[in-house]
Amino acid sequence: MERRATFDQVARLYDEVRPGYPEELFDDLVSLSRIAPGGRVIEIGCGTGQATLPLARRGYRIVAVELGGWLAEIARSKLASYPNAEVVVSSFEDWPLEPEAFDLAVAATSFHWIDPSVGYPKVASALRPGGHLALISTAHVHSD
């Protein structure tokens, strides 16, 4: 099994212990990308929806691609009241993207699992002219 698929084995625990993202991050993402209200977003590796939910609350139409079925199920549960958010179970590499269909591509602590020779060209083809790719990463800090 690929290492990136191991998160699905502990999906509930992952959802309980993984820190979320601050709302200000999404405010900045909207401001910097200049995505219009109701714009289309593709999220790569949504996990349990920790970044998907803040985007859905802002009214964006989202397709979230998630490799793990259990992770996707938790994300779907969180997004149940947002009909414009869809979670697809697939690897990003294998999922068929519509060309120039998205205003924004978001990968919250996930794009490092994608082969860059596949990921970047695929994202570029999926974005509309003027679209943006947002790669969100975190730094883990240990203090004594």
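Key figures for this structure:
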| quantity | calculated |
| --- | --- |
| Contact order normalised by residue count of the chain, Cα under 8 Å, 6+ apart, percent | 23 |
| Global size of region 1-82 as Cα Rg and Dmax, reported in angstrom | 13.1, 40 |
| Segments 92-103, 14-25, 44-55, 70-81 sorted - mean Cβ within 10 Å per residue, highest first | 44-55, 70-81, 92-103, 14-25 |
| Amide N of region 89-116 lying under 20 Å from the label point, which is placed 7 angstrom from the Cα of ARG3 along Cα→Cβ | 91-93, 108-116 |
| Approximate spin-label separation ARG18-THR138, in nm, with each point projected 7 Å along Cα-to-Cβ | 0.8 |
| Dipole magnitude (debye, nearest 20) for the chain, charges at Cβ of Lys, Arg, Asp, Glu | 280 |
| Solution diffusion estimate, µm²/s, Stokes-Einstein, the chain, Kirkwood Rh from C-alpha pairs, 4 °C, viscosity 1.567 mPa s | 84 |
| Label-point separation in nm, ARG34 to GLU100, each point 7 Å along Cα→Cβ | 1.8 |
| VAL88 paired with GLU73, simple spin-label distance in nm, labels 7 Å along Cα-to-beta-carbon | 2.2 |
| Charge-dipole axis of the chain as Lys and Arg at +1 and Asp and Glu at -1 on Cβ define it, positive-most pick from GLY68, VAL87, GLY38 | GLY38 |
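No lab work stands behind these numbers, since they all come straight from the coordinates. This one's a predicted model, so the numbers in the text were calculated from it and none came from an experiment. Positions of Cβ are backbone-derived with ideal geometry, glycine not excepted, and every protein chain shown enters the neighbour counts.
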